[in-house]
């Protein structure tokens, strides 16, 4: 099986061949791994990378024959006069197939399969490149989608994106249309293509049509994850700059949406002072708008202004639940009548806030999934949704993610400047501590919250339990997270303590056991027990 392709100067100098559309359909049955590259327009495309110098003897515009067999790929030049001419009936056959499969996913590959079935000899010898066949027969292409030349791909793809937004974020068609329009403007900005005056006006206009937090979440979703990977940090900065520029051109509704986006991206980028500035501006513009009130309440909680947060959440209460995780209800847990953060002390308060942050912050949520998978000891995608949700928010997974997973460091980067001074000092005390496998040597006594644990080397460590850490029984094997620097003399704060049931400690734990293995065994045991009782 062979394909043909007109080589370009860029491909010759870079020792690669772009696969779309000439080569891609012929790689379906091969085992080639295709790295992704980014084009100037921001689109992603696949390329086959060749050994250095493979194409050096060819000139730009040369017609190449690319023969593909499993992991073997051979390239040679061919004279156009020597290629097989397409049969006369190919035009009607291809156009009829495309008409009957307009804009079907995988249409390009399906068309080649159809042609190979009807004209077996055509691609067994060199013929015209697919690019030229499609052009000759007036067939339009967008990615791997095909249609006859008069088809409006832009409208079709917009409608498909809107339908996907409606289903994924549970929003109406009008809001989904505005979200799609905003994303398109912002994606142009993040790819370096930007007509400032016109695009700023369009951004402000589309923002005014968005009201619900589901729609807000949909707008920012492409930029919530992957900080500092694949250039996303730069893209987030550019999107943030575009939204800042559009605020002054927007009406009240549009301005608050844009300020909400600015605050959210400032948080993801780890700019706490910018976050507070945008939260303050958003609060001034919110006029009772629940997403604005709830975002400002979250900032107030981190800053220790619980009375302010309580007032804002009370104002928001009774309105629609705006956040996809019912953010207002979640925030109320931190300042409601049954919660008193101040009783936790500085360290307890920091951990309380860090746990909330880890479940809200985009990059942290991804990291928490990776932590859960590491502790579980394998893929977790196949677990039931309720089990997966419980696993991600399990206290053992969260504390391991905060400590060994680096999420406490990210919380410090993104929020430390907002915290009260006493809480800012907590990060120095916690230091680079890790979870340890210990046995409880003593607990309670004259100091009810005191505990002494013995590590695997027989060293006794004295600690004081944080208010929300339960007092363990003496003799129990446990996983302990202690602050690195003592608060008084040799007494360290116990940030987390997870006691192990006898069944787990007897069958899993040895002198060489790693903490991650022990926690994983405990998680799997708990899951098995829950599953057995269903």
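Rounded to whole Å and ordered largest first, report the semi-axes of the equivalent ellipsoid of the chain derived from its Cα gyration tensor (root of 5λ).
The answer is 54, 32, 20 Å, longest axis first.
Would you mind computing, in nm to one decimal, how far apart the modelled labels at residue 124 and residue 525 are, each placed 7 Å from Cα along Cα→Cβ?
Placing both labels 7 Å along Cα→Cβ, they lie 6.5 nm apart.
Can you give the calculated 222 nm mean residue ellipticity of the chain, where each DSSP H run of n ≥ 4 adds -39,500 (n - 2.57) and the sum is split over every residue, rounded to the nearest 500 deg cm²/dmol?
-15000 deg cm²/dmol
Given R₀ = 41 Å, what would the calculated FRET efficiency be for residue 168 paired with residue 424, taking r from the Cβ atoms and rounding to 0.05?
It comes out at approximately 0.60.
Could you give the length gained on full extension between residue 56 and residue 1, defined as 0.36 nm per residue of separation minus the Cα-Cα distance, in nm?
The residue 56-residue 1 span can extend by a further 17.4 nm.
For 114, 206, what ranking results if the residue with the fewest other Cβ atoms within 10 Å of its Cβ goes first?
Fewest to most other Cβ atoms nearby, the residues stand as 114, 206.
For an R0 of 60 angstrom, estimate the FRET efficiency from the Cβ-Cβ distance between residue 455 and residue 273 and round to the nearest 0.05. It would help to have the intermediate numbers written out before the result.
Details: r = 41 Å, r/R0 = 0.68.
Plugging the Cβ-Cβ distance into 1/(1 + (r/R0)^6) gives 0.90.
Computed over the Cα atoms, what is the radius of gyration of the range 159-287 divided by 2.2 N^0.38 Å, N being its residue count?
Dividing the Cα radius of gyration by 2.2 N^0.38 Å gives 0.98.
Would you mind calculating the gained length between residue 72 and residue 104 on full extension (0.36 nm times residue separation, minus the Cα-Cα distance), in nm to one decimal? Mind showing how you got there, number by number?
Details: separation 32, 0.36 × 32 = 11.52 nm, distance 2.99 nm.
Fully extending the segment from residue 72 to residue 104 adds 8.5 nm.
Neighbouring Cβ atoms within 10 Å as the yardstick, rank 409, 74 fewest first.
Sorted ascending by nearby Cβ count, the order is 74, 409.
Using only alpha carbon pairs under 8 Å that are at least six residues apart, calculate the relative contact order of the chain and give it in whole percent. List each step's numbers first, then the result.
Working: 810 pairs, mean separation 42.0, N = 534.
Relative CO of the chain lands at 8 percent.
How do 403, 2, 142 rank when sorted from fewest to most other Cβ atoms within 10 Å of their own Cβ?
Numbers: 403 21, 2 18, 142 14.
Final ranking by Cβ density, sparse to dense: 142, 2, 403.
Relative contact order for the range 159-287: what is it in percent, counting Cα pairs under 8 Å that are at least 6 residues apart?
Over the range 159-287, the number comes to 24 percent.
Over 21 Å, how big is the tail of the calculated P(r) for the range 1-151, in percent of all Cα pairs?
Here the tail beyond 21 Å accounts for 44 percent of pairs.
Cα gyration tensor of the range 68-224, axes a ≥ b ≥ c as square roots of the eigenvalues: rounded (a/c below 1.5), prolate (a/b > b/c) or oblate?
It comes out prolate by the Cα gyration axes.
Quickly work out the residue 383-to-residue 80 label distance, labels modelled 7 Å from Cα along the C-beta direction, and quote it in nm with one decimal.
Label at residue 80, label at residue 383, 6.0 nm between them.
From the square roots a ≥ b ≥ c of the eigenvalues of the alpha-carbon gyration tensor of the range 129-205, which class results: rounded (a/c under 1.5), prolate (a/b over b/c), or oblate?
Since a/c reaches 1.5 but b/c is at least a/b, the shape of the range 129-205 is classed as oblate.
No lab work stands behind these numbers, since they all come straight from the coordinates. Since this is a predicted model, take the numbers as computed values, not measurements. Counting neighbours? That spans all protein chains shown, and the Cβs are built from the backbone with ideal geometry, glycine included.
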